[in-house]
Amino acid sequence: MKKLIFSVFFLVNAATTMAQDLGMIKGTVISKSTKEPIAGVSVSIPELKKITQSDTAGVFMFKNIPIGSHNIVTHFVGYAEKRTNDVFVLANKTTDVKIEIEESGVDDRQIVVSSERYEDAPLTPVSSYSFSREEIARNPGAQGDIFRALSMLPGISASGGEYSAIAARGQGTRDNVYTVDDIPVTQVSHLEGNGGSFNDPNGGRFSIFAPRVISDAEFQGGGFAAQYGRRSASHLGLTVKEGNREDYTVDGQLDLLGATINYDGPSYILDNTSLFISARYQNFGPLTRVVNRRDAGLPQYGDFIFKSSTKIGSASTLSALIIAAPEQYLRDVSNVRADTALNNLFLVDASNDKDLAGLTLTTLTGANSYWKNIAYFTTTHMVANFGTSFPKADSNGKLIDPDNIPADNNYERLNYRETEAGYRSIFYVNFKDHSSLTSGIDLGYVRLNNFRQLDRFDTLYMFGQNDSRLSPTTYYALVDPKYFNASFTGDAFNASAYSDYSLLIASTFRINAGLRYDYTGFTAQSTVSPRLSGSYQFDAATSLNFATGLYYQDPIYSEIADQPADQKLKEERVAEYILGLKTYLSDDWKVTVEGYYKKLDHLVVRPVKDESVQNNNGDGWAAGADVSITKRLADGLHGTLTYSYMQSKRNDHDGLGEYDFAFSQPHQLGALIGYKPNEHWVLSGKFKYSTGKPTDSYIIHSNIFNDPNYIRYSEETIGRNIDRLSDFISLDVRADYIFQFGNTSLTAFIDIVNVLNRQNEYQQYLNIITGKIFYDGLAIFPTFGLKFQF
């Protein structure tokens, strides 16, 4: 593989000849809050010493721009300086840019420091961060995955490197609010679960969004406004790339996993309509051979994303969004045979289709207001058949008869479908006194169909004190089909209303008050969530920020569908308190410090492992502090350094007492550095350290069936999460080499997750044949390929 990588870069370097053609940048500057164009904004490209102003429609233009990547900076009194990085110009093409600038939060004074890479917005708590399209695509180790890019942020826990899902500030991967073009979604990942029937708490392995699909990502780790609800930990707002209205480009990527292709440009069919279309297919067969992991099985997935945007008159825009994200995962006896240690004996044949369709009408209702109406439909359909194998092995766990591995296929089956049809209406107005109001309603109809069937008693070789056993001296547990099987069909209506009011007091104190009401049909429960946040601006460089509020969380739909008819889950509740300080040491160095405390009540817990019945008996707390130091782009160099201290405790009230939550990792350290020495090379690296994840203490029982011809071991849990796995340590590196052939831009890249090749453990398991413990987790994960754009 090393020779292949070297050859790719050698050929690229030898063939490079930079064309002398020029391109053009045309853009629009609008208010982030009101969506209105802003005239008279100073727009510059510092490295080219070019400067212009936006006209009465907010439009600006730069002609005769050299091909390659450029940075655009905007200045306007009363607004924070905005730096838009990595605006790529192609030969003889017009690059279309939309720049949203935000009020500085200080009346009639301009914040002279800038909003930079991964930095927070001026009017929100310091736990807010933003990523652009290029920042996501070039984040080292992320391989274009937005969730992996977020792993560098303070307060985000690592899941062994194998997963792309995020767990924020002592809560889980399923506790986050996700919106895509303001459409609420719950399924954002591929390959969630690894052969089990219940939701994997670690989340999914890969985002359903291909590289360069997301144009903007805004993440808030806590204290988010009343506009967002039904989850309690954090909010991630994603915006799918809007098509270029001026000119078309086609770009794509060929790499070790498969291929991606995107179209970005006018529709050429409907006037005033732009299109963005993306298609991706990924097959892990080649990668499993490169890293010698044929035992992992064969995951495959694809994504298709279509977005159109149509201008209707001068005041309205109609957008359509369609996402289809199918996936398959197969693990059969051949993969068991490839597992020389015989650690994993499970078999699975599963498919999962995730689809979304939405229409959004945004109307400017005045010089300082807009009204957004969204209709959407989402569906998830999972079909899976599970089984197990019974390989014959000697006392050392060596396979005796590789050609004859008995198996019991499809003794456990799952067919789950979740659909939601919804409508959102959001109105925003910005008043002359620098106050603003956001109000809206959300309506949703949800239908669930769930069938889960276990044909026979199943044996659990890893069990706890509460699991069902034949007797106290039986050292394994049994899964009884009558406690496992489920057949559920039901529907319910959800309704929400919310309002957020933001007020500027005495030019320096910004306060945001919000109130949210939710009715959830499946729980037959109404909740009211007051929220308050704000900031005090000591001067143009330093501010004190705070947030507090109640956050209610719906039970996971698939868990609602798992419950017996007489069991109804209720809302979880989180009370949150945040206090932070942000200061700019200079115009390119920023420091943020933030502390938080959460009180968690009515948590959904599962008293017996691998049984469907759950209740709301859990409670807990989480507390910690995040520190971030950011160096903005200057002389081609940028970077960030983060440290987090966090504790998270839970109590299921099942007699086992308080324990460390799965994502309670007290110490986390992250560092990212990027360097662009010239117009060809972009180099970056990312280091991440976290305290190891908590894990159970246990004892091993041997020959549990008292049969010398069928030796099996079991693991009995004697303490919940009182031990820890090894610390998480990962160094990710990425190199991009950009060159031009005529009107085509090519980028050769290599992106390596965990270049140290150190296995990062996310969970421990028992080898039931040898009685040895093994650990699942990702070691080195390389990918390399070629991106093109023309």
(1) open to solvent by 30 Å² or more (accessible area, probe 1.4 Å); (2) assigned to a strand (DSSP E or B); (3) over 30 Å from Asp349 (Cα atoms): which one isn't true of Ser274, the others all being true?
(1)
Contact list, first residue from the stretch 740-755 and more than 26 Å from Ile780 (Cα to Cα), second anywhere and of a type in the set (Asp, Glu) and in a strand (DSSP E or B), beta-carbon distance below 9 Å, six or more apart or interchain, is Ser745/Asp251
Over the stretch 278-292, the set of residues under 30 Å from Gly243 (Cβ atoms) and among the aromatic types (Phe, Trp, Tyr) is Tyr281
Out of everything in the stretch 567-602 that is among the hydrophobic types (A, V, I, L, M, F, W, C) and under 24 Å from the mean Cα position of the chain (by Cα), what residue ends up being most open to solvent (accessible area, probe 1.4 Å)?
Val593
Go through the stretch 42-52 residue by residue and tally those that are over 13 Å from Ile25 (Cα atoms) and modelled with pLDDT of 90 or more.
1
Glu103 fails exactly one of (1) surrounded by 20 or more Cβ atoms within 10 Å (Cβ to Cβ); (2) within 30 Å of Gly742 (Cα to Cα); (3) at pLDDT below 80, namely (2)
If you go through the stretch 493-509 one residue at a time, do you hit one that is open to solvent by less than 10 Å² (accessible area, probe 1.4 Å) and either part of a loop (DSSP other than H, G, I, E, B) or over 28 Å from Arg174 (Cβ atoms) (or both)?
no
Applying the selection to the stretch 327-356, what residues are part of a strand (DSSP E or B), crowded, with 17+ Cβ neighbours inside 10 Å and not polar (S, T, N, Q)?
Glu327, Tyr329, Arg331, Leu347, Val348, Asp349, Ala350, Lys354, Asp355, Leu356
Output the qualifying pairs, or none if there are none: Cβ atoms under 6 angstrom, residues six or more apart or on different chains, first residue in the stretch 414-438 and under 30 Å from Ala367 (Cβ atoms) and of a type in the set (Lys, Arg), second residue assigned to a strand (DSSP E or B) and modelled with pLDDT of 95 or more.
Arg424/Ile374; Arg424/Asp442
It is to be established whether one or more residues within the stretch 178-190 are among the charged types (D, E, K, R) and modelled with pLDDT of 85 or more.
yes
When both residues are 6+ apart or on different chains and their Cβ atoms are under 7 Å apart, which pairs have a first residue that lies in the stretch 284-306 and is without any contact (Cβ under 8 Å) to a residue 12 or more places away in the chain and farther than 25 Å from Val180 by Cβ, and a second that is open to solvent by 10 Å² or more (accessible area, probe 1.4 Å) and assigned to a helix (DSSP H, G or I)?
Thr288/Arg294; Thr288/Ala296
In the stretch 436-487, what residues are hydroxyl-bearing (Ser, Thr, Tyr), under 21 Å from Phe346 (Cα atoms) and in a loop (DSSP other than H, G, I, E, B)?
Tyr461, Tyr475, Tyr476
So Glu119 ticks every box in (1) modelled with pLDDT under 80; (2) more than 17 Å from the chain's Cα centre (by Cα); (3) open to solvent by 30 Å² or more (accessible area, probe 1.4 Å) but one. Which box is left unticked?
(3)
Check Tyr476, Tyr428 and return the single one that is over 30 Å from Asp554 (Cα atoms) and open to solvent by 20 Å² or more (accessible area, probe 1.4 Å).
Tyr476
So, of the residues in the stretch 684-703 that are among the basic types (Lys, Arg) and in a strand (DSSP E or B), which turns out to be nearest to Gly397 (Cα to Cα)?
Lys688
Quick check: anything in the stretch 35-49 over 22 Å from Ser369 (Cβ atoms) and in contact with a His (Cβ under 6 Å, 6 or more places away or on another chain)?
yes
Leu238 being under 15 Å from the mean Cα position of the chain (by Cα), under 27 Å from Leu287 (Cβ atoms), outside any loop (DSSP other than H, G, I, E, B) and not hydroxyl-bearing (Ser, Thr, Tyr)
yes
If you scan the stretch 257-268, which residues turn out to be open to solvent by 30 Å² or more (accessible area, probe 1.4 Å) and either part of a strand (DSSP E or B) or at pLDDT below 90 (or both)?
Ala259, Ile261, Tyr263
Among the residues listed as Lys307, Lys311, the single one being modelled with pLDDT under 95, in contact with a strand residue (DSSP E or B) (Cβ under 8 Å, 6 or more places away or on another chain) and of a type in the set (Lys, Arg)
Lys311
Name every residue in the stretch 511-530 that is over 30 Å from Arg447 (Cα atoms), out of contact with any Phe, Trp or Tyr (no Cβ under 8 Å at 6 or more places or on another chain) and in contact (Cβ under 8 Å) with a residue 40 or more places away in the chain, in order of residue number.
none
Residue that is surrounded by the fewest Cβ atoms within 10 Å (Cβ to Cβ), among those in the stretch 704-740 that are β-branched (Val, Ile, Thr) and in a loop (DSSP other than H, G, I, E, B):
Ile711
Suppose we filter Gly670, Gly692, Gly636, Gly620 for residues that are under 30 Å from Lys582 (Cα atoms), modelled with pLDDT of 95 or more and touching a Phe, Trp or Tyr at 6+ places or on another chain (Cβ under 9 Å); which single one remains?
Gly620
Any residue at all in the stretch 136-147 that is in a strand (DSSP E or B) and either modelled with pLDDT of 65 or more or crowded, with 21+ Cβ neighbours inside 10 Å (or both)?
no
Mind checking whether some residue in the stretch 676-683 is farther than 30 Å from Asp588 by Cα, of a type in the set (A, V, I, L, M, F, W, C) and either touching a residue at least 40 places away in the same chain (Cβ under 8 Å) or not in a strand (DSSP E or B) (or both)?
no
Failed condition for Gly655, given (1) part of a strand (DSSP E or B); (2) open to solvent by 30 Å² or more (accessible area, probe 1.4 Å); (3) closer than 25 Å to Arg720 by Cα, with all others met?
(1)
Being surrounded by fewer than 17 Cβ atoms within 10 Å (Cβ to Cβ), assigned to a loop (DSSP other than H, G, I, E, B) and of a type in the set (Phe, Trp, Tyr), is that true of even one residue in the stretch 533-554?
yes
Condition check: open to solvent by 10 Å² or more (accessible area, probe 1.4 Å), at pLDDT below 95, of a type in the set (Lys, Arg) and assigned to a loop (DSSP other than H, G, I, E, B). Does Arg289 satisfy that?
no
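The values are calculated or read from the model by the stated rules, or taken from the named source; none is laboratory data. None of these values were measured; they are calculated from a predicted model. Counting neighbours? That spans all protein chains shown, and the Cβs are built from the backbone with ideal geometry, glycine included. Areas reflect the complete protein model, heavy atoms only, side chains present, ligands, DNA and RNA absent. Shrake-Rupley method; radii C 1.70, N 1.55, O 1.52, S 1.80 Å.
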